[in-house]
Amino acid sequence: MFAVGAAGLLIFLNYQYVLVKPNVVQRTEALAPLGAPLGAQLAQPAEAGVSAPAPRGAHPSVGEHTNRISQLEAEVVALREQLAQAHSSRVVPPAVPAARAAVAARHAERPCPYSCGPEGTCNRAIGECSCPPHRTGRNCSEPMFPACASMWGFALPSAPCGLPEATFPITCECAQECDDANLLMRRMCFEHRPPTDEGRQRARRWQTGTSDERWTMTAVDNAQLLELINERAAESRREARCSGHGIWMAQLPRWVDPPGPITAIPAAKFDPAGAPVCICMPTRWGDRCEHTLRSATTCLNRCNGRGRCVDSVCACDDGFWGADCTLRINPAGGYSLLDPPRPDHGVTARVYVYELPGRFTTWLAAQSNAHEWTHSWWFYDNDISLHQRFLASPYRTANPEEADFFFVPLYRSLGAYTAGWGPGVITPKGWRAFSAAVDFVRKSAPFFAQPGGARKHMMVITCDVGFGVLGEWQGKRFVHRSVLPAALSPLKFIVQWGGEPTRPGHDLVIPPRTPPQEVISAAGGDHPYACAYAGRKQGTPRAPTERGGAFFFFRGKIILGNPVYSQGVRQKVYRLHHQRDNWVISDQSSRNFYHEMATAQFCFAPTGWGWGQRVFEAILSGCIPVVMQSDNAQPFEHILPWDRFAVMLNESHIPRLHEILAAIPMARVESLQRTLSCVWPRLAFFSSPAQKEAFGSLASIDAFEMMMLELSAHQARARGDATAGHAWENATRILRTGVCSCAMTAYDSSPAATAQPLY
């Protein structure tokens with residue numbers, strides 16, 4: 001009896017020990033899995049301070065058993081206290097099986113065997129140094145691209161891989177190393193010696209586009225030009241021109257047209273005696289190369305005040321690590337998050353954020369001159385914005401074992417402009433980046449390969465039609481074609497396009513990051529939501545008869561000769577309705593665009609080449625959107641009542657559009673506007689520090705929070721709750737919370753508000 005009791009307590013002790021230390025790489029291999037044979041468990045080596053159990057075949061006395069049990073009971077009490085403390089800080093969830101906790105412990109921390117130097121931080125998820133762009137090695141002092149480290153007598157701070165408009169001359173060997181890393185977006189390189197067979201093959205590959213059919217590269221073989229570049233570079237250094245960071249010479253062309261593959265630059269493209277300018281090396285800009293790129297001083301979440309920003313990468317203070325220095329190294333081992341308070345919005349999902357190497361994320365900003373590259377590409381930059389939000393989110397977990405979803409960061413929006421990954425449609429180079437990121441996750445962690453694990457992994461694609469390409473008409477239906485590689489198809493994609501090939505119920509549709517402060521401030525005092533913006537007076541939405549603007553408003557591209565653009569909808573609406581009184585339908589721009597929107601009654605919201613921003617600009621302007629996007633799911637439509645704040649039509653309604661809108665009762669119009677006055681913050685991202693300061697508490701339930709609610713609904717439906725996230729009654733409290741402009745009445749949330757069809 002005593003032997004069985006001691007063994008049971010020892011098993012329990014082992015189980016508790018693994019749970020208390022889930023995030024530390026320690027001697028868990030000395031603790032047998034819970035399902036191991038009892039003899040194997042008793043044969044394990046003893047932990048420090050714990051006597052080894054009696055070997056098999058020995059017969060200890062009753063007194064020895066009694067002493068051993070007393071000792072174990074005391075240790076179990078102490079471990080229970082540690083376990084309670086661990087649970088309270090959310091380091092590990094309750095009731096995690098011991099075998100899974102052991103997996104987390106083995107995976108969670110991999111300390112680097114070296115210091116990483118003053119400008120590097122150990123990535124403890126993979127056991128490698130996180131270095132500034134294009135550096136590697138034990139102290140981040142070695143160049144990742146050796147052929148790019150020194151050219152024309154200059155020591156280059158980073159490799160000149162990106163930005164096609166850059167004119168600093170690079171050698172083809174440097175270009176090759178950039179291309180091998182999938183980071184090349186130059187259009188011309190220089191052979192600094194007679195081309196070899198390898199060089200000729202490389203040039204032909206670049207020229208024919210086998211590397212990427214949307215991008216070509218020319219190798220220039222011109223001995224006289226090479227000699228000139230070397231001479232001008234030496235003179236520039238000797239005479240201290242260009243602040244010592246560039247070459248004083250005639251402007252080089254950005255590319256050769258027609259291209260090579262191996263060619264000399266035509267005389268018409270370059271005049272050696274032309275007016276000299278400073279051709280700046282990477283990371284420098286200005287007439288005299290006197291400025292460092294602004295992106296160098298911008299880092300994710302400003303490193304949370306726990307590190308220095310070094311060339312767009314956080315060098316974390318001692319005791320912290322992570323992409324934004326959010327993770328704290330615990331003195332006893334492992335790491336944890338400093339959790340912000342968790343709001344009570346009904347969000348149950350927890351997200352684990354992978355710590356990927358910089359070549360997938362922050363390195364792509366190395367040659368961007370945007371002052372705030374983290375918030376500068378609002379059309380497409382939700383991949384950056386959401387990464388920052390997840391890093392700082394109260395729904396983030398540092399323990400992958402308790403995660404419901406896994407976020408894989410990849411900055412395609414930056415890579416589109418600095419590495420050729422494609423802005424509107426992803427290029428083959430871009431898909432290689434996605435595949436490489438997923439391969440890295442597969443190899444560095446076990447969670448992707450677990451049953452159902454791939455479906456829990458999320459990536460952001462903000463292209464015009466998500467992971468599709470522009471489609472074609474099939475009869476009367478416009479169909480987009482998926483180009484998603486098979487290996488990536490199980491993933492959950494966060495997209496801004498809700499039509500094909502987006503998969504309803506699996507992928508997540510979100511709005512673009514339209515800057516709300518720009519929309520509201522541009523409209524001046526006429527904006528119906530002015531009270532929400534710092535410095536504006538409290539107000540209420542104007543009645544439709546008092547708005548003073550157009551009855552129907554649209555400004556933007558129309559492209560009459562292209563029936564593919566906007567699925568032909570913009571063109572048909574223009575042809576049938578642009579001459580109507582008090583209807584503004586024009587492809588002419590206006591300085592008062594947002595003011596015109598804020599004073600209009602209805603605003604046309606079609607698609608463009610893919611997703612269209614007009615619907616979100618209309619919502620932020622307080623103008624009732626007339627959404628005409630066939631078979632295109634809208635963001636959070638299982639939570640937000642789109643038919644209560646928008647007019648949802650399709651192409652078949654275009655001939656009668658004027659009749660349909662004119663027939664809407666004024667009571668319904670006012671109800672649509674009142675609901676719109678509450679819902680608009682839920683379709684805006686308040687992500688940047690300036691936005692949070694400008695909108696204050698209004699930012700507490702923005703589009704990110706709605707996305708987390710939608711993810712929680714996905715989580716619940718995966719558990720078998722088919723109704724999760726569909727109850728309009730549960731959303732009314734969310735819509736009203738903290739919105740000063742909200743003017744909803746009981747009628748607006750009742751069935752009567754939508755009882756009468758609009759058409």
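Remarks
- Ranked packing of 347-353, 138-144, most packed first, by mean Cβ within 10 Å: 347-353, 138-144
- Hypothetical label at N330: residues of region 383-401 whose amide nitrogen lies under 18 Å (7 Å Cα-Cβ projection): 396-401
- Shape category assigned to region 611-651 from the gyration tensor of Cα positions, a/c cut at 1.5: rounded
- Charge dipole (region 158-198, unit charges on Cβ, about Cα centre) - positive-most of T196, C178, C161: C161
- When the charge dipole of region 579-702 is built from unit charges on Cβ atoms (+1 for Lys and Arg, -1 for Asp and Glu) and taken about the Cα centre, the candidate among F636, P606, A694 whose Cα reaches farthest toward its positive end is A694.
- Distance between modelled label sites at N230 and D581, nm, 7 Å Cα→Cβ extension: 7.9 nm
- For the pair Q588 and S243, the difference between a 0.36 nm per residue extended length and the Cα-Cα distance amounts to 119.8 nm.
None of the figures in this text is laboratory data; all of them are computed from the coordinates on show. For clarity, every value in this text was computed on a predicted model and none was experimentally measured. Note that we place each Cβ from the backbone using ideal geometry, even for glycine, and neighbour counts take in every protein chain shown.
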